[in-house]
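Chemist: Before anything else, here's the structure in question.
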Amino acid sequence: MGVNITTPGPSCHSSHCLNSSSSLSFFTTPTMEKANVMEAKDGTLAVASAFTGYQEAVQDRDHKFLSKAVEEAYKGVECGDGGPFGAVVVHNDEIVVSCHNMVLRDTDPTAHAEVTAIREACKKMNQIELSDCEIYTSCEPCPMCFGAIHLSRIKRLVYGAKAEAAIAIGFDDFIADALRGTGFYQKSHLEIKKADGNEAVIAEQVFEKTKAKFTMY
Ligand SMILES: [Zn+2]
């Protein structure tokens, strides 16, 4: 996804990909009932459970990590690093890495937020698979990123904005091909959750709010 930053934001001194060792305390649920994965009308998957309390806890936890991914999406544009996309890898309720799109900064069309996050998380954890990790992405992952998520064996994906929100401001509609149409996700043992309600709105606003800060080529 190539973009030209026309109005770079304030200087960004922080690392493109923050390794977090802070102990974020997110509450865990005492009853970790296995959630059912259900297919929604739009073809995406949602998590369902018979236990309302469990679902609320999952929702609250997901909201916190997804908010971080959305924050990264804004940061990437402000820093002039790339497009408005963020990704966070979580292990045992703690953020391992929090990254954003680095396509411009690295002059690398593959430096999407998810790929960058997976690379950094593997490096940090010194392992080539992340089967005990989850990934939170501000937007529905493109096929390349979904492939990376699959190959890293990440167990769970939660995303905020649907691909159409990015496509609406000019990003390649290639994005929408990862979770739909290919049937690829069905072969991966991965729980996929699309955020809904306010969480989704916040994630989708990223594109409208950043579109003036860069132009597509
Ligand atoms: Zn991607």
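Chemist: Here's a check for you: in the range 108-137, which residue that is part of a loop (DSSP other than H, G, I, E, B) and among the hydrophobic types (A, V, I, L, M, F, W, C) is nearest to Leu157 (Cα to Cα)?
Modeler: Leu130
Chemist: How many of the residues in the range 89-107 are under 17 Å from Tyr136 (Cβ atoms) and either among the hydrophobic types (A, V, I, L, M, F, W, C) or part of a loop (DSSP other than H, G, I, E, B) (or both)?
Modeler: The qualifying residues number 9.
Chemist: Starting from the range 137-157, keep only residues that are in contact (Cβ under 8 Å) with a residue 12 or more places away in the chain and acidic (Asp, Glu), then list their pairs with residues that are within 12 Å of the ligand (Cβ to nearest atom) and assigned to a helix (DSSP H, G or I) whose Cβ atoms are within a distance under 6 Å, requiring at least 6 positions of separation or different chains.
Modeler: These pairs meet every condition: Glu140/Ala163.
Chemist: Which residue is surrounded by the fewest Cβ atoms within 10 Å (Cβ to Cβ), if the candidates are limited to the range 126-151 and must be within 14 Å of the ligand (Cβ to nearest atom), among the aliphatic types (A, V, I, L, M) and more than 9 Å from the chain's Cα centre (by Cα)?
Modeler: Checked the range 126-151; the qualifying residue surrounded by the fewest Cβ atoms within 10 Å (Cβ to Cβ) is Leu151.
Chemist: Anything in the range 56-82 that is aliphatic (A, V, I, L, M) and either buried (at least 21 other Cβ atoms within 10 Å of the Cβ) or in contact with a Leu (Cβ under 8 Å, 6 or more places away or on another chain) (or both)? List them, or say none.
Modeler: Leu66, Ala69, Val70, Ala73, Val77
Chemist: Please specify each residue of the range 56-81 satisfying the condition of being of a type outside the set (D, E, K, R) and touching a His at 6+ places or on another chain (Cβ under 7 Å).
Modeler: Those that are of a type outside the set (D, E, K, R) and touching a His at 6+ places or on another chain (Cβ under 7 Å): Ala73, Gly76.
Chemist: Got at least one residue in the range 152-170 being modelled with pLDDT under 95, surrounded by fewer than 24 Cβ atoms within 10 Å (Cβ to Cβ), in a helix (DSSP H, G or I) and among the acidic types (Asp, Glu)?
Modeler: yes
Chemist: Across the range 115-125, which residue is farthest from the ligand (Cβ to nearest atom) among those that are in contact (Cβ under 8 Å) with a residue 60 or more places away in the chain and surrounded by 21 or more Cβ atoms within 10 Å (Cβ to Cβ)?
Modeler: Restricting to residues being in contact (Cβ under 8 Å) with a residue 60 or more places away in the chain and surrounded by 21 or more Cβ atoms within 10 Å (Cβ to Cβ), the top hit is Glu120.
Chemist: Failed condition for His112, given (1) over 24 Å from Glu208 (Cβ atoms); (2) at pLDDT 95 or above; (3) within 14 Å of the ligand (Cβ to nearest atom); (4) not β-branched (Val, Ile, Thr), with all others met?
Modeler: (1)
The values are calculated or read from the model by the stated rules, or taken from the named source; none is laboratory data. Only a predicted model underlies this, so the values are computations on that prediction, with no experimental measurement involved. Neighbour counts run over all protein chains shown; Cβ positions are idealised from the backbone, glycine included.
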